[in-house]
Amino acid sequence: MDRAITRRDFLDGVAIGAGGLVLTSVLPGCDLGGGDDGGPSDPDELTGLRGLTDEARRIPHELRDGTFWQAAGDPQDTRERYDLVVVGAGISGLAAARFFQREYGGNAKILILDPLDQPGGHAARNEFTPDGAGARVLVGYGGSQTLDTPSAFSTPARVLLDDVGVEVQRFERYFDQGFNKRHRLRRGTFFNKEVYGRDHLAFGGEPGVFRDAPLNPRAKADLIKLYTDPPDVFPRLSDSQKKDRLTELTHEQFLRRHMKLDDQALGFLRRLSDDEWGFGLDAVGAIDAWADGYPGFDGLGLDDAVPYRTNAPTEHKVWDYEDPYIHHFPCGNGGVARSIIRKLIPAALPGRGMETIPTTELDYGRLDQKANRVRIRLNSPVVRVRHNGDPGSARDVEVAYVQDGKLRKVTGEQVVLACWNTMIPYICEGRPQRQRDALAFATKLCPMYTNVQIRNWTSFARLRLSGADCRNMYWVSIDLDYPVSMGSYKFPDSPEEPIVLHLPRAVTKPGLPPREQGRAGRAELMGTTFEQVERATRDQLARVLAGGGFDPARDIEAITVNRWAHGYAYEYGRPWDRFWPDGPLPSHAARKRFGRIAIANSDSAPRAYADTAIDMAYRAVRELAGRPPGKVARGVDGVAP
């Protein structure tokens, strides 16, 4: 565990090699050319601590703390004027730019500003070049993962995807749905010695996974019964009365109070929802746990023909759809972001067809050229957005930002704020208190997505393992990347080939309501060093894969840690949000247009999915155009305008 692994060491996304610091565009004013020193040529190739880096959050924190303007002075006027300025280069911001083009024509001048060194926001792309001559580049996803349930997408989202060349039906060919069966791989569950007395890798689904597990007899019996024959704990209540009772409970409360589960059994289940909800069963409502198929509800005999009125927005949207979970670019929804970029700035991402997205390098040097009709300016946090005059009659808006350490400003006839809701009160003056409070309500959750590139996956093949749930360890699971091949990008089908592993973690503080868990997790996440993450990663992989001969010092070649301290939108749910579903909803108050400024982003729904980010972009642009936005989401009051 103490031996050096076969890759350079990294600090906060900046490579530190034998030759010293390798400068890239993550540092203001640095050349993106890369090249002779062997260092990364663009941000996609950086490993170490990525996502929301310390540098990217520095100025937003100064705005929050009220210290930025103390010595900032007046912004330098670039004399640039745009038809639209978009704050935020995530999927919602990029989609807003494209919808604006469709509304006003391709000659519209648009500037997109973002504090990160990559476009796409949470739809981040990680690239790896394995050791060895002739090794091909591997691509992983650092955040937003998959186009979830595209059959349920709104018309604007479908139109946008078709417009930028994303044909979702093609994933039927791209995603190798027979991969695990062909390689005889199955899912495992890992019980760690710190909690269960010994390390134990079990195979198969529930309840079989419990039979030889190191659980106490009561916990084992409770879990087997929970999955095979749970009782009806509300036998005298009607269907709606049972659902009302679940509405007032978290899943953990239901399991503890009504199912009388043993503490060890509860401990095994507590993080079941981490990767889906961003927090554990202590904060997931029982009504949504039932809708998601979590254990314990079969005995209630509930009618599942339609979602219940108190189910979270996502449950209402996708209830009648059963799409396979296959609509995935190798770089996750970074493929969607780059498809939109190709439409906006063709020279920055040459090529045609979605199958060329994984293997085409983004030319960062072409994103912000003067000749572009659309420009994307990275490493440029926005610090102020205000009308030039009274918002009711002003003809344009001033947008101030920091680039290369200098305070600058541009003018936009209209503005879309596609950044986090919580930042808007700090950069956009004059919002009424009710709207400021509603914007502040949209606290983000804190996921950490780590990609580990290993020299081969023979250890998985020997164990016949596709991935393992590790609910009481640092990473909630470890998995081989999704088996997607597109065009000339080929997934490593042979166990002797290098591969990328995906390790997720929701950084939370159990026992608190979900929004407070997000706040508490944020401090822990950003206080975590790369050395701590590396140690935990090496330890977990070594133990889970011990039977396959995995050696972390020999087999790990690179680690990229994507930290999203302000990650995914918090979705309304009971029992916490008493205003749901009858309202009034904070998201509706928060997204109210202000003069020439409209608000997009997934916080505006709220729902942390790529199609929602697109829907909210469509609504914002329609508001600026003075047109009725239409109903952009099926039957969901929290998402529809």
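The values are calculated or read from the model by the stated rules, or taken from the named source; none is laboratory data. Keep in mind that this is a model prediction, so the values were computed, not measured. No Cβ is skipped: glycine too gets one built from the backbone with ideal geometry, and neighbour counts run over all protein chains shown. Each accessible area value is taken on the protein alone, full model and side chains, heavy atoms only, with ligands, DNA and RNA left out. Shrake-Rupley method; radii C 1.70, N 1.55, O 1.52, S 1.80 Å.
Some notes on this structure:
- Labels on offer are [x] 25.5; [y] 34.2; [z] 27.4, and the one holding Kirkwood radius over Cα pairs in Å computed from this structure is [x].
- Solvent exposure, largest accessible area first (probe 1.4 Å, DNA, RNA and ligands not counted), of TRP277, TRP580: TRP277, TRP580
- Exposure ranking of ARG309, ARG436, ARG591 by accessible area [1.4 Å probe, largest first]: ARG309, ARG436, ARG591
- Net charge dipole size for segment 213-260 [Lys, Arg +1 and Asp, Glu -1 on Cβ; Debye, nearest 20]: 180
- A 1.4 Å probe, protein heavy atoms only, puts the accessible area of TYR609 near 60 Å².
- Where N is the number of residues in segment 394-452, Cα Rg divided by 2.2 N^0.38 Å: 1.47
- Among GLY301, SER393, GLN101 the positive-end extreme of the charge dipole of the chain (Cβ point charges): SER393
- Probe 1.4 Å - accessible area at LEU302, Å² to nearest ten: 30
- When the Cα positions of CYS331, ILE376, LEU185 are compared along the charge dipole of the chain, ILE376 comes out farthest toward the positive end, with charges on each C-beta of Lys, Arg, Asp and Glu.
- Within the same chain, lysines fewer than 8 places from LYS490 are excluded, and of the rest, those with a Cα less than 28 Å from its Cα are LYS181, LYS343.
- Sorting 545-551, 389-395 by average packing, meaning the other beta carbons within 10 Å per residue, from highest down gives 545-551, 389-395.
- By average C-beta atoms within 10 angstrom, highest first, the peptides 90-103, 286-299, 560-573: 90-103, 560-573, 286-299
- Å² per residue, accessible surface of segment 528-577 at 1.4 Å: 25
- Furthest towards positive pole of dipole, ALA213, THR458, GLN403, structure part the chain, Cβ charges: GLN403
- Put simply, the Cα atoms of segment 388-502 extend 69, 37, 28 Å along their principal axes, the longest span coming first.
- In the structure shown, the pairs LYS225/LYS260; LYS509/LYS592; LYS109/LYS370 are assessed against 21 Å; a Cα-Cα span above that value is assigned to LYS509/LYS592.
- What separates the Cα centres of segment 544-616 and segment 380-443 is a distance of 22 Å.
- Segment 270-338 - Debye-derived log10 I(q)/I(0), Cα point model, q = 0.13, 0.19, 0.20, 0.27 Å⁻¹: -0.49, -0.91, -0.97, -1.25
- Ligands, DNA and RNA excluded, the heavy atoms of MET259 present near 30 Å² of accessible surface to a 1.4 Å solvent probe.
- Dipole moment magnitude, nearest 20 debye, segment 449-604 about Cα centre, only Lys, Arg, Asp, Glu C-beta charged: 700
- Global form of segment 160-270, assessed from the alpha-carbon gyration tensor, a/c cut-off 1.5: oblate
- Per-residue [θ]222 nm for the chain (sum of -39500 (n - 2.57) over DSSP H runs n ≥ 4, rounded to 500): -7500 deg cm²/dmol
- Solvent exposure, largest accessible area first (probe 1.4 Å, DNA, RNA and ligands not counted), of ASP275, ASP239, ASP114, ASP2: ASP2, ASP275, ASP239, ASP114
- Given charges at beta-carbon only (K, R positive; D, E negative), |dipole| of the chain in Debye: 940
- Peptides ranked, highest mean first, by Cβ atoms within 10 Å: ranges 310-321, 363-374: 310-321, 363-374
- Take every DSSP beta bridge whose two residues both sit in segment 66-225; close to 60 percent of them are antiparallel.
- Segment 281-350, accessible surface, carbon-and-sulfur percent (1.4 angstrom probe): 48
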